[in-house]
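Please treat every number below as a calculation from the coordinates, not as lab data. Quick caveat, the model's predicted, so the values are computed rather than measured. Ideal geometry is used to build each Cβ from the backbone, glycine not excepted, and the neighbour counts take in all protein chains shown.
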Amino acid sequence: MLLLALDTSAAATVALLLDDDVVGRFGSGDTRSHAEVLAPAVQRVLADADVSGSDLDAVIAGVGPGPFTGLRAGLVTARTLSFVWGVPLHGVMSLDALAFEAVAAGAVGGTDFLVGTDARRGEVYWASYRSSGAAVPELLEGPHVGAAGTLPRGLPLVGRAASLYPADVVAVPAFATADPDAVSLGRAAHARLVARQPLLDTTPLYLRESDARVPGPRKRATA
Amino acid sequence: MITQPLVLGIESSCDETGVGIVRGTELLTNTVSSSMDEHVRFGGVIPEIASRAHLEAFVPTLQAALDDAGVTLADLDAIAVTAGPGLSGALMVGVSAAKALAVATGTPLYAINHLVAHVGVGILGGTFPDGLPSNLGALLVSGGHTEILRVGDLAHDVELLGSTIDDAAGEAYDKTARILGLGYPGGPAIDRLARDGDPTAIRFPRGLSQPKYMGTAEAPGPHRYDWSFSGLKTAVARSVEQYETAGLELPVADIAASFQEAVVDIITSKAVLACREHGITNLLLGGGVAANRRLRELTAERCAAAGITLTVPAPALCTDNGAMVAALGAQIVMRGAQPSGIAFGTDPSLPVTTIALPRS
Ligand SMILES: [Zn+2]
């Protein structure tokens, strides 16, 4: 199964996977240039592997949660590629990618755990999972956005939130600075497809409303 | 070189998701999805809401445009996209989509200037049957911008003569409509009400019209062809307050008419002045506010008096749309310019002198 995965919930990342094997990958160093780097990365990853878009079995997109602008760049890219190539498109919750990777690495064996990423503004995106021995951990709750201090207590946490808020959460050390990434996203999607589990559509998980306020009734004209 | 290139244009700089397709100077489709209804309760365009709407609208709008034009992606010679100026987050959706389209189809991509595209639309739909005339200027008035341009050559010689230094004219309409308790968008509401009002009832200020800003033709002041609308909005608010404090009924129609007269008077007088002092004898009026009855009327009147030929494209070509992006893209392709590649970034304040981004 040949999958092209894109996750832009943190950095802009692209991966080409043949089943679980990584054929090509790209990860940008920063989180603010998704619209610049994503398409060139897709082009290069495919060209290096001598793969054309119509050879793919599916395009996989991380649907967040993540900062809105970068997230949208990834989703509109994935939707457009899928549309042009005529290949199936699936969404995967970006926190699922980290949960899958932590279980695969044996870092959270046999316990319930949290995944938490940087939501900026002093908050984290988080979800809780159960590792029951299957390849795909079970999502118990979330995703949510909130202050690190409001997360369930005592559960080990996978993801960058552990290094941002060490006083509030119990870190899984090997994953304390980990962000969602297209490689783990693609592997999580592959595991689900093999297990015939449903995937998501590509509706973005913003979790926050736009900051817009409906203007209140006018009291004084110059107010 | 391709003489009649098939070009698909993508526009997402504000609240319209536009996909247009042209063959040379022939318009094949101008498909637009607007998020305007979602902004009504806020009384103005909310960038995050516009960006969310672009994401949801893009692929359906693309599909609709291809169906309407009766062409396939494989037929395209080039893709053009607005790289700026505009709302940053909104631009990024269109640019990301355009790049994905370019990668997936292997079609060259041109990153182009939204303001110049408003002029480029003039080559479509019989607006200028013999092509763009010489000595051309463009007055662009919308909710996002207010500019007067000199257009020597669409592909490589465009100069900004003047622009608003604060609010766009359309924004001033929206804010004033809010003060008067009218709906959004403010332009049509005020224009409608103004018909029943006295435009001379209240003398609202004409921004940047004092001699210290204007100077003379020989020694131009710092804002000879620039506009400012923020003081006007404040003046309207103060006027409303005076009526309210005095317990008088608000003469809404008179205020609307007087406000509109102030906006339209200063826009047209400065635009015509810029034309006369730069040898412009043909003026294109574009942007969403080009639909305004009084703006069209007074622009026509003053252009006629100054010997300037005024042209106003069809309303659907004046508001933000993908066809104008495709039209300018086609002109650039026909002049043999190199594509912009797929590594460029958006530029929310792209100057009009950058008509197409060079390969980065
Ligand atoms: Zn515009």
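Counting pairs of alpha carbon atoms under 8 Å apart in space and at least six apart in sequence, what relative contact order in percent does chain B give? Intermediate values should be presented prior to the final figure.
On the way: 836 pairs, mean separation 96.4, N = 360.
Rounded, it is 27 percent for chain B.
Work out the length of the dipole vector of the range A:108-175 about its Cα centre, built from +1 on the beta-carbon of each Lys and Arg and -1 on the beta-carbon of each Asp and Glu, and round it to the nearest 20 debye.
Details: 5 positive and 6 negative charges, 26 e Å.
Once rounded to the nearest 20, the dipole reads 120 debye.
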How would chain A be classified by its alpha-carbon gyration tensor: rounded, prolate or oblate, with rounded meaning a/c under 1.5 and the a/b versus b/c comparison settling the rest? oblate
Return the average number of partner chain Cβ atoms within 10 angstrom of each residue Cβ along peptide A:32-38. 5
Mind checking which of B:Phe204, B:His54, B:Asn30 is farthest towards the positive end of the protein assembly as shown's charge dipole, using Cβ charges of +1 (Lys, Arg) and -1 (Asp, Glu) about the Cα centre? B:Phe204
Rounded FRET efficiency, nearest 0.05, which uses the C-beta distance separating B:Phe42 from A:Thr177 and R0 of 41 Å: 0.60
Under the rule rounded for a/c under 1.5, else prolate if a/b exceeds b/c, else oblate, using alpha carbon gyration tensor axes a ≥ b ≥ c, the range A:108-175 is classed as prolate
In degrees from 0 to 90, rounded to the nearest 10, what is the angle of the helix B:230-245 Cα long axis to the longest principal axis of chain B? 40
Could you tell me how many degrees, from 0 to 90 and to the nearest 10, lie between the Cα long axis of helix B:169-179 and the main elongation axis, the longest principal axis, of the Cα atoms of chain B? 50
So, relative contact order of the range A:108-175 in percent, Cα under 8 Å, 6 or more apart, is 31
Compute the helix-to-body angle for B:322-334: its Cα long axis versus the longest principal axis of chain B, expressed 0 to 90° and rounded to tens. 50
Whole Å is fine, so just give me how far the alpha carbon centre of the range A:1-60 lies from that of the range B:237-285. 53
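Within 10 Å of each Cβ of A:55-65, how many other protein chain Cβ atoms are there on average? Don't skip to the end; give the middle numbers.
On the way: counts 0, 0, 0, 0, 0, 0, 0, 0, 0, 0, 0.
Mean shielding by partner chains, rounded to a whole number: 0.
Calculated from DSSP H runs of 4 or more alone, at -39500 (n - 2.57) each and per residue, what is the 222 nm mean residue ellipticity of chain A, nearest 500? List each step's numbers first, then the result.
Details: 5 runs with 61 residues, N = 223.
After summing the helix terms and dividing by residue count, I get -8500 deg cm²/dmol.
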I'd like to know which of A:Pro198, A:Gly70, A:Leu38 lies farthest towards the positive end of the charge dipole of chain A, counting +1 on Cβ of Lys and Arg and -1 on Cβ of Asp and Glu. A:Gly70
By average C-beta atoms within 10 angstrom, highest first, the peptides A:44-55, B:132-143, B:189-200: B:132-143, B:189-200, A:44-55
All-pairs Cα distance distribution in the range B:165-302, expressed in whole percent, bin size 10 Å: 12, 42, 32, 12, 2, 0
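Under 10 Å from the Cβ of B:Gly197, count the other residues' Cβ atoms, weight Lys and Arg +1, Asp and Glu -1, and hand me the total. Don't jump to the answer; show the numbers that get you there.
Values: positive: B:Arg195; negative: B:Asp196, B:Asp198, B:Asp254, B:Glu261.
So the surrounding residues net to -3.
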In terms of the alpha carbon gyration tensor, root eigenvalues a ≥ b ≥ c, rounded if a/c is under 1.5 and otherwise prolate when a/b exceeds b/c or oblate, chain B is prolate
As I understand it, the dipole of chain A uses +1 on the Cβ of Lys and Arg and -1 on the Cβ of Asp and Glu, about the Cα centre. Which of A:Ser210, A:Trp85, A:Ala97 lies farthest toward its positive end? A:Ser210
Can you give the average number of partner chain beta-carbon atoms within 10 Å of each beta-carbon in peptide B:100-112, as a whole number? 5
Net charge dipole size for chain A [Lys, Arg +1 and Asp, Glu -1 on Cβ; Debye, nearest 20]: 1160
Can you give the net charge of the other residues whose Cβ lies under 10 Å from the Cβ of A:Pro180, counting K and R as +1 and D and E as -1? -4
Would you mind putting A:201-210, A:94-103, A:109-118 in packing order, based on average other-beta-carbon counts within 10 Å, highest first? A:94-103, A:109-118, A:201-210
Sum of side-chain charges, A:Tyr165 neighbourhood, beta-carbon under 12 Å (Lys, Arg +1; Asp, Glu -1): -2
If you wrap a convex hull around the Cα atoms of the protein assembly as shown, how much volume per residue is inside, in Å³? 164
Theoretical ellipticity at 222 nm over chain B - DSSP helices of four or more residues, -39500 (n - 2.57) apiece, nearest 500: -13000 deg cm²/dmol
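What is the dipole size for chain B, taken about its Cα centre, with +1 at each Lys and Arg Cβ and -1 at each Asp and Glu Cβ, in debye to the nearest 20? Before the final figure, lay out the partial values.
On the way: 23 positive and 37 negative charges, 106 e Å.
With Lys and Arg at +1 and Asp and Glu at -1, about 520 debye.
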Going by average Cβ density within 10 Å per residue, which order do the peptides B:24-32, B:210-218, A:66-74 take, highest to lowest? A:66-74, B:24-32, B:210-218
